[in-house]
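Let me begin by presenting the structure, written as structure tokens, before commenting on it.
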Amino acid sequence: MLGIVRQRIARQGINASGMRIQSLVCASRDYSSAAKEMTVRDALNSALDEEMSADPKVFLMGEEVGEYQGAYKISKGLLDKYGPERVRDTPITEAGFTGIGVGAAYYGLKPVIEFMTFNFSMQAIDHIINSAAKSNYMSAGQISVPIVFRGPNGAAAGVGAQHSQCYAAWYSSCPGLKVLAPYSSEDARGLLKAAIRDPDPVIFLENELLYGESFPVSAEVFDSSFCLPIGKAKIEREGKDVTITAFSKMVGYSLKAAEILAKEGISAEVINLRSIRPLDRAAINASVRKTNRLVTVEEGFPQHGVGAEICASVVEDSFEYLDAPVERIAGADVPMPYAANLERMAVPQIEDIVRAAKRACYRSVPMAATA
Amino acid sequence: MASLGAVINHHSCWVPHFTDHHPQSPSNPIHHFLRNPDAISSSNNTTPFASNRFNYTEAGRRLDSIGDTTDDTGVLNFPGGKVKFTPEMEFVSPSSTERIRCYRVLDDNGQPITNHNFVQISEEVAVKMYSDMATLQVMDTIFYEAQRQGRISFYLTTIGEEAINIASAAALHFDDLIFPQYREPGVLLWRGFTLQEFANQCFGNEADYGKGRQMPIHYGSNKHNYITVSSTIATQLPHAVGAAYALKMDGRDACTVTYFGDGGTSEGDFHAALNFAAVMEAPVIFICRNNGWAISTPVSDQFRSDGIAVRGQAYGVHSIRVDGNDALAMFSAVEAARRIAINEQKPILIEALTYRAGHHSTSDDSTKYRPAEEIEWWRIEQDPVSRFRKWIEANGWWSDEAEYKHRTTIRKQLLDAIQVAEKSKKPPIAEMFADVYDVPPSNLFEQERSLRETIQRHPQDFPPDFPF
Ligand SMILES: Cc1ncc(C[n+]2csc(CCOP(=O)(O)OP(=O)(O)O)c2C)c(N)n1
Ligand SMILES: [Mg+2]
């Protein structure tokens, strides 16, 4: 595809920080003893519902969140249950309700701000970066900003350049923010609850195409006390030959790629990042030290992307463990086209991940023949 | 195609009643020296541009004008103008006792209201206006259906707003630059954009002027002076002001026209655009389609002002409220607005009251949040197309036979256009990388080369019909 940007790491690079990761924390507990299924939409909805019921300071605000129950029906039933003061429909003014949310957070409320898509958060980014992210620091801890900004992020299908951008790299480059990107229903529930309870501003990046997907969930996930740690990745599938890092929808693609690879005798370890900032460098490096190979996958643009950061982290901390150049898969370096054929070329596909993993394992054609 | 609006400026005596509370009336003859080439040298021009269009003659003056102020003790000489003192502590009311009235000339039955005040239009223009409105209806029905059949990914109708679309377009000139929201394809239709061109865009094929880069209904055409639709609400408003400023600098006899919804007026861009347009004295016409709804948000949740027109006044912009379902009133108001915008080099705000008689888009079911009777009433009783039809029929310019012929012809043309658009090739790979920059940088060449190689080496991973 097109999305592949090949990253070769200079062999003579010296680890700038000299840091070595000591504790190789395994990020997640295993809830795979699951029986029931739940959609990501229901996971988000139930997380909101439970947190609103547990804490009267939590309220939801955004375009169409009340009467319409959210552009993607994430807030279904909440207006009826909590009333219009806590499920607040707004005029079409992203800069307005984002700034107002920040102000409410300054004064003790815990707003959850929904963007119809994160593309429209660009209208309001000053309040997110210059107000929400920096106030706690600038006020020396006097003004905390417990706020969550959530909504679909990244490419959907057939909606063109102004509705399809991934903002994970943008927001995760800003200190003061925490950035989460759930993949499964377990992630969605556990991370949204964590985000709402967190005292800092959290950017919560959902994916429109995952809302309707069902995932098996354990009884523990259903428990209202369930919560996931911010800053911890999850190993979705263990493997020994190559590490694949991904977040959001790309986790699913990576898991499918891992299945295909398994048939060809390659054992891929798939890391679901869950948290983009803080990034679980420990989990990533531990995995790479085991597999000695790394493929990063994301839908966003390649330059200064999440993959670039992961690659840098591995070069800094586990350079001598690498047996192959890091493979970086990203969206094409162009605004998203609409035409279905071009759109398909502009975002990573499962086959792209399979080919990249094979290259990393020297199982395909020689390096010179790119791709 | 030349705008037919250009040939019908026969009205002479009608002076529009724009909401204007400044003593200087719209007839203030600034335009006298606009066309006087000597004005450049004769005026002692201290503005940065050597054009008389930059004499901000009225600025500052208007706020001073509170009558003769011989008794200066009752007056504060404020930098923004003189302000009278009063011992009364009085808060300005959030609303006036009477709402701004709505200009209309045809009643619900398409009969001219007595003492009407509208621009006379020729049979030729009237018939084209009506047939384009009818075409828009047929186009909406057929494209909507195509989306429902899964042939295009998205569509959005203009149902109920045909008069705003077509009548405003008819009153403008072809050179006037359009900055649309998304519910104004009628302006393009009026300007000669063909049904095939509409279909090509919706199908994102090779022939689409946007090269398949934009969602359906995001039409745009340089040669029709129609800036490509932008998905982000209200961003077109400041753009229109900027372009109007460019027209002003060039001394062109044209204005920019931007359309937007009631919802769009909540964005900061609306406020910035109005304020800048006023301060920069930019020849721009703001046309707000106040259709009562922004997806599921009713206007009562959107703002608490008396609609949009009052805001124009607050920003120092001539404003008028018009019945958006009355094509004649709409035509007349836009025609007058254009004259003021260009002759007086000033912005104008038109609030057209209407109703979004269709769902917001193909992703919406509006019966979930508004009463079906409300939709029906507007759709049937207030339909702007049948209202205008009654008027042209009464003039003897239209008949049942003409109606039948027109609709069947358009229907057939559209079905053909859709077939052609659907069968046409999708844009080729090269189009994916073109236009990111004016001149593609080497990394994009590299990307394209690498993609082509990948497809050649792994054809099984790619769709077979991909235009290479
Ligand atoms: C910045 C931004 N915020 C939100 C949206 C989502 N959105 C698309 S259309 C729309 C409603 C607009 O309503 P209005 O301006 O009244 O126009 P109408 O659809 O009624 O013609 C909204 C909220 C968007 N496209 N851009
Ligand atoms: Mg509207």
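The values are calculated or read from the model by the stated rules, or taken from the named source; none is laboratory data. All of these numbers come straight from a predicted model, not from anything done at the bench. Every residue, glycine among them, receives a Cβ derived from its backbone with ideal geometry; neighbour counts consider all protein chains shown. Note: areas computed on protein heavy atoms with side chains; ligands, DNA, RNA excluded. Shrake-Rupley method; radii C 1.70, N 1.55, O 1.52, S 1.80 Å.
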Review point. Taking the range B:215-229 as the search range and keeping residues that are within 13 Å of the chain's Cα centre (by Cα) and open to solvent by 10 Å² or more (accessible area, probe 1.4 Å), which one is farthest from ligand 2 (Cβ to nearest atom)?
Key: B:Asn225
Review point. Quick one: would you say B:Ala169 is more than 14 Å from chain A (Cβ to nearest Cβ), touching a helix residue (DSSP H, G or I) at 6+ places or on another chain (Cβ under 7 Å), more than 16 Å from ligand 2 (Cβ to nearest atom) and closer than 15 Å to B:Tyr259 by Cα?
Key: yes
Check your understanding: For the range A:310-322, does any single residue satisfy the condition of being over 20 Å from the mean Cα position of the chain (by Cα) and either within 13 Å of chain B (Cβ to nearest Cβ) or of a type in the set (Val, Ile, Thr) (or both)?
Key -> yes
Study note, to complete from the structure: Inside the range B:230-246, the number of residues satisfying the requirement of being more than 16 Å from ligand 2 (Cβ to nearest atom) and assigned to a helix (DSSP H, G or I) is 9
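Please give the helices (runs of 4 or more DSSP H) falling wholly within the range B:266-343 in which 1 or more residues are crowded, with 24+ Cβ neighbours inside 10 Å and away from ligand 1 (no atom under 14 Å from the Cβ).
Those helices (runs of 4 or more DSSP H) span B:268-280, B:309-314, B:327-343.
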Exercise for review: Kindly provide the set of residues from the range A:133-149 that are open to solvent by less than 60 Å² (accessible area, probe 1.4 Å) and polar (S, T, N, Q), ordered by number.
Suggested key: A:Ser135, A:Asn136, A:Ser139, A:Ser144
Review point. Any residue at all in the range B:103-114 that is in a loop (DSSP other than H, G, I, E, B), at pLDDT below 90 and not small (Gly, Ala, Ser)?
Key: yes
Practice item. Considering (1) without any contact (Cβ under 8 Å) to a residue 24 or more places away in the chain; (2) within 16 Å of ligand 1 (Cβ to nearest atom); (3) not in a loop (DSSP other than H, G, I, E, B), say which one B:Gln201 fails and leave the rest. Key: (2)
Check your understanding: over 28 Å from B:Ala254 (Cβ atoms), surrounded by fewer than 20 Cβ atoms within 10 Å (Cβ to Cβ) and either more than 20 Å from the chain's Cα centre (by Cα) or away from chain A (no Cβ under 14 Å) (or both): does that describe B:Gln149?
Key -> yes
Check your understanding: Does B:Phe260 fit the bill of being open to solvent by less than 40 Å² (accessible area, probe 1.4 Å) and within 12 Å of ligand 2 (Cβ to nearest atom)?
Key -> yes
Exercise for review: Report yes if B:Asp383 is touching a helix residue (DSSP H, G or I) at 6+ places or on another chain (Cβ under 6 Å), under 20 Å from B:Ile159 (Cβ atoms), open to solvent by 10 Å² or more (accessible area, probe 1.4 Å) and more than 14 Å from every other protein chain (Cβ to nearest Cβ), otherwise no.
Suggested key: no
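Kindly establish whether B:Ala402 is open to solvent by less than 40 Å² (accessible area, probe 1.4 Å), within 14 Å of chain A (Cβ to nearest Cβ) and within 30 Å of B:Glu145 (Cα to Cα). Spell out the reasoning first.
Numbers: open to solvent by less than 40 Å² (accessible area, probe 1.4 Å): yes; within 14 Å of chain A (Cβ to nearest Cβ): no; within 30 Å of B:Glu145 (Cα to Cα): yes.
Criteria not met by B:Ala402.
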Exercise for review: Look at B:Glu161 and say whether it is open to solvent by less than 10 Å² (accessible area, probe 1.4 Å) and of a type outside the set (S, T, N, Q).
Suggested key: yes
**Study point:** Of all residues making up the range A:121-169, the number that are within 13 Å of ligand 1 (Cβ to nearest atom) and more than 22 Å from B:Gly212 (Cα to Cα)
**Key:** 7
Exercise for review: Scan the range B:240-257 residue by residue and report those that are basic (Lys, Arg) and surrounded by 19 or more Cβ atoms within 10 Å (Cβ to Cβ).
Suggested key: B:Lys248
Review point. Within the set of pairs 6 or more residues apart or between chains, which connect a residue that is within 18 Å of B:Tyr404 (Cβ to Cβ) inside the range B:122-146 to a residue that is among the charged types (D, E, K, R) and crowded, with 23+ Cβ neighbours inside 10 Å with Cβ atoms less than 8 Å apart?
Key: B:Met133/B:Glu162; B:Leu136/B:Glu162; B:Gln137/B:Glu162
Point to revise | Members of the range B:182-198 found to be of a type in the set (D, E, K, R) and surrounded by fewer than 24 Cβ atoms within 10 Å (Cβ to Cβ), listed by number | key: B:Arg191, B:Glu197
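Pick from B:Arg339, B:Arg252: which is without any contact (Cβ under 8 Å) to a residue 24 or more places away in the chain, over 14 Å from the mean Cα position of the chain (by Cα) and farther than 30 Å from A:Tyr68 by Cα?
B:Arg339
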Exercise for review: For residues that are open to solvent by 10 Å² or more (accessible area, probe 1.4 Å) and away from every other protein chain (no Cβ under 12 Å), tally how many sit in the range A:115-132.
Suggested key: 4
**Study point:** Condition check for B:Glu281: in contact (Cβ under 8 Å) with a residue 24 or more places away in the chain, within 16 Å of ligand 2 (Cβ to nearest atom), acidic (Asp, Glu) and outside the structural domain of B:Val92 (by TED's automatic domain parsing)
**Key:** no
Practice item. Go through the range A:211-309 and tell me which helices (runs of 4 or more DSSP H), entirely inside it, have 3 or more residues that are open to solvent by less than 40 Å² (accessible area, probe 1.4 Å). Key: A:249-263, A:281-291
Check your understanding: If we only count strands (runs of 3 or more DSSP E) wholly inside the range A:25-137, which ones have 3 or more residues that are out of contact with any helix residue (DSSP H, G or I) (no Cβ under 6 Å at 6 or more places or on another chain) and under 25 Å from B:Ser266 (Cβ atoms)?
Key -> A:58-62, A:110-114
Check your understanding: Can you tell which of A:Leu205, A:Leu210, A:Leu255, A:Leu273 is under 17 Å from A:Glu298 (Cα atoms) and without any contact (Cβ under 8 Å) to a residue 40 or more places away in the chain?
Key -> A:Leu255
Exercise for review: Could you tell me which numbered condition B:Glu446 fails, if it satisfies all but one of (1) of a type outside the set (Gly, Ala, Ser); (2) away from every other protein chain (no Cβ under 12 Å); (3) within 20 Å of A:Pro337 (Cα to Cα)?
Suggested key: (2)
Check your understanding: more than 14 Å from every other protein chain (Cβ to nearest Cβ), buried (at least 20 other Cβ atoms within 10 Å of the Cβ), touching a residue at least 40 places away in the same chain (Cβ under 8 Å) and of a type in the set (A, V, I, L, M): does that describe B:Leu237?
Key -> no
Exercise for review: Count, please, the residues in the range B:247-265 that happen to be part of a strand (DSSP E or B) and either out of contact with any Phe, Trp or Tyr (no Cβ under 8 Å at 6 or more places or on another chain) or among the aliphatic types (A, V, I, L, M) (or both).
Suggested key: 2
Practice item. Could you pull out the residue among A:Ile235, A:Ile230 that is within 30 Å of A:Val159 (Cβ to Cβ) and within 17 Å of the chain's Cα centre (by Cα)? Key: A:Ile230
